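Input: a single structure, listed below in structure tokens.
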Amino acid sequence: MQTITMKSTLREVYAHPVGHDVIKKILLTTGIPERALTAAGGMSLRTAAKLAEKVLDAAFWETFLALINTEKDDPRELPGERKQSARQWWKEAVFYQIYPRSFADADGDGVGDLRGIIGKLDELKRFGVDAVWLSPVYDSPNDDNGYDIRDYQKILAEYGTMEEFDELLAGLHARGMRLMMDLVVNHTSDEHRWFREAVRDPKGPYHDYYLFRKNSDGSPPNNWTSFFGQGKPGDAWNYIGENDEWALHLFSKKQMDLNWDNPSVRAEVAAIVRWWLDKGVDGFRMDVINYISKRQGLPDGNAGVGELTGYTGIEHYFYGPRLHEYLRELCAESFARYGACSVGETPGIGMEMAKLLTHESRGELDMIFSFDHLETPGHTRFDDYRYDLNELKRYYIEWMTQYASRCQMTLFFENHDNPRMISKVNPDPKFRHAVGTLLAMIQLTLKGTPFLYQGQEYGAVNVPFTDLSQISDVESINLYRQFCETMSEEEAFRKILAGTRDHARAMMDWEEAAAQRRDRDSVYYFYKKLIALRKAHKALVYGDVKFVHTGRKNLFAWYRKAGGDVWYVECNLCEKRIARPKRPSAAEVIAQTRMLSAVEAGTAQTKRPFAAGGGSGAGNARFQGALTNVKKPERRWMQPYEACLYRLTGERPC
């Protein structure tokens, strides 16, 4: 791997995996178009630094080079691509995330519980779920709704008991479903036994389980800021008065970062994973797992990076120097022994880094969650704006044409940390069904593993909160206090309302769910039909993907193909009508195994297959409609947010 210096050109930096992803992140954050980089590709970093000296100081570029040159492996040199990657259950599965606090409340105390989840297993099975991702149910003081774990081998009492957990696991397996749990091991609660012992005995073995630094002048050891803080330099540190020292917490003051450089910590984590896998759990989603390796010495964060990203110090841990080493060790010591699935939550990780984390030959992670598609360029989660689906199109085309074939993408729009996607795209209630079903079409027919979040199948939208007292999200509350320093309380509340995690954490509306299950034209049934098609046709799982009409704004269209099984998808990404695109003839697809040229679009209906005529020489082969989200499609025009799925067939419809 070429060492990057200030003499290197921007083009050379962009060819480096870390350089590529860091520059992409800068472009995404600032909203600068990628074509600007193309035009300046021959410029040296030294010249770029000179031009940007009013914004980025010399220290920024030192940090930039140190970060980039940490990575010595080149994604372009990964082992040769197979024609088809290995088949795995987690590639074929439809995952469904359950946030236990708000999913189903069996005992009526206002808090979801394990018994409530057990009562919904038959419903999940009928819907088509293959695997449940269960957000944390471990014992916790709930400072961050369970992501601050007090005991990894105990169930939080308000959720139920370990016996009920075992019943849930057995119930899933009996119905042919699997369970993926949430593993939070970048940090523990400050009430965890390890941390209590670390504070009680500073010279004992547990003290080195965490990142402590002795107090010298009353100031935090460095200027790192917390994700749940108020943006003040050093607020990622908590002062421990009894020992006159500081402890690092990248998140809340009750979530203390573990010291992964300590082999004992890594051994403890592997033992925890094995303990749950021995019980029969099928895998883990690993919370902010790319943060586990911090740069030696915990140096100050660069102010320019902090201003750009909003988090000072992040360059020293989001892709740490021993991240790959620690993940390979964890995989070898636990996941690989059981054939279990591992999915990493990896904020800030781009496509080239992702290849090194998930390639089948690497033995680190099976998949990651990349979040770059959840906001459009120049926006953050707490900006109140309309999401342009053309950016989603751009993101998926880029990843699916450039991601290694021996890497598996995750397909998701929502989770417990993000507002509802329908509300971001178009909050107008009249488009709720159309946007919800359009998103379903995209998520379940592109190549990758779909992860649905509870309520998504019913077209859930954001909650109309009216007062701060209704907000329980620690991140939003802290941000509100920070915003109030520069704006009115009303303005601060409106700002957190755009991005609060409480939108996704509101209690499931089971009355609405029941109504949708009775309505064959509901968002729920559209998801159910798509899931059934995906299960029945492996071309929608393992098939190649080819995008067409890529230059047309507001149109997103692609083919999926495996052998002679060919599918075509077309989507209108806006709230206005657009001209229906032309498609290649069936004859051309059969003869060339490529998607070119044109056929006339056919009529479509929701309740029975609709035809799209084949071209000359196609014989009886034609594109037969499988599913559409509008009742009366037009031959020449696509309705707002219309989504249609076709299959190449012979004599009979699909």
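Here are a few things to note about the model shown:
- One residue stands out in the stretch 33-69 among those that are in contact (Cβ under 8 Å) with a residue 40 or more places away in the chain and β-branched (V, I, T): the one that is least open to solvent (accessible area, probe 1.4 Å), namely I68.
- The set of residues from the stretch 363-409 being within 25 Å of F228 (Cβ to Cβ) and of a type in the set (S, T, N, Q) comprises S370, T376, T380.
- Breaking point among (1) touching a residue at least 12 places away in the same chain (Cβ under 8 Å); (2) more than 30 Å from H359 (Cα to Cα), for A174: (1)
- Among the residues examined, L479 qualifies as surrounded by 16 or more Cβ atoms within 10 Å (Cβ to Cβ), more than 30 Å from F547 (Cβ to Cβ) and not basic (K, R).
- With a requirement of 2 or more residues that are at pLDDT 95 or above, buried (at least 19 other Cβ atoms within 10 Å of the Cβ) and β-branched (V, I, T), the helices (runs of 4 or more DSSP H) lying completely within the stretch 350-450 that satisfy it span 421-425, 432-445.
- Close pairs from the stretch 16-32: first free of Cβ contacts under 8 Å to residues at least 24 places away in the same chain, partner open to solvent by 20 Å² or more (accessible area, probe 1.4 Å) and part of a helix (DSSP H, G or I), Cβ under 6 Å, at least 6 apart: I23/Y14
- Residue check, R420 of a type in the set (D, E, K, R), in contact with a His (Cβ under 8 Å, 6 or more places away or on another chain), closer than 28 Å to I32 by Cα and touching a residue at least 60 places away in the same chain (Cβ under 8 Å): yes
- For the stretch 93-123, the set of residues classified as free of Cβ contacts under 8 Å to residues at least 60 places away in the same chain, among the hydrophobic types (A, V, I, L, M, F, W, C) and crowded, with 21+ Cβ neighbours inside 10 Å consists of L114, I117, listed by residue number.
- Look at the stretch 142-158: where a residue is in contact (Cβ under 8 Å) with a residue 40 or more places away in the chain and a partner is small (G, A, S) and outside any loop (DSSP other than H, G, I, E, B), sitting 6+ places away or on another chain with Cβ atoms under 6 Å, you get D148/S189; I149/S189; R150/S189.
- Residues that are closer than 24 Å to D366 by Cα, open to solvent by 10 Å² or more (accessible area, probe 1.4 Å) and assigned to a helix (DSSP H, G or I), drawn from the stretch 316-329: H324, E325, R328, E329
- Residues of the stretch 468-484 classified as in contact (Cβ under 8 Å) with a residue 12 or more places away in the chain and part of a loop (DSSP other than H, G, I, E, B), total: 3
- Scan the stretch 148-183 for residues that are within 22 Å of D105 (Cβ to Cβ), part of a loop (DSSP other than H, G, I, E, B) and open to solvent by 30 Å² or more (accessible area, probe 1.4 Å) and the total you get is 4.
- When residues of the stretch 627-649 are limited to those that are aliphatic (A, V, I, L, M) and surrounded by fewer than 24 Cβ atoms within 10 Å (Cβ to Cβ), the one farthest from A440 (Cα to Cα): L648
Quick grid of which residues meet (1) β-branched (V, I, T); (2) within 24 Å of A236 (Cβ to Cβ):
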residue	(1), (2)
L124	no, no
D144	no, yes
I149	yes, yes
E167	no, no
R178	no, no
V185	yes, yes
T188	yes, yes
Y209	no, yes
N215	no, yes
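- Residue under evaluation N145, criteria (1) assigned to a loop (DSSP other than H, G, I, E, B); (2) of a type outside the set (F, W, Y); (3) at pLDDT 95 or above, criterion not met: (3)
The values are calculated or read from the model by the stated rules, or taken from the named source; none is laboratory data. Here the structure is a predicted model, which means the values were calculated and not measured. For neighbour counting, all protein chains shown are included, and Cβ atoms are generated from backbone atoms with ideal geometry for every residue, glycine included. Heads up: the accessible areas ignore ligands, DNA and RNA and are worked out on the full protein's heavy atoms, side chains in. Shrake-Rupley method; radii C 1.70, N 1.55, O 1.52, S 1.80 Å.
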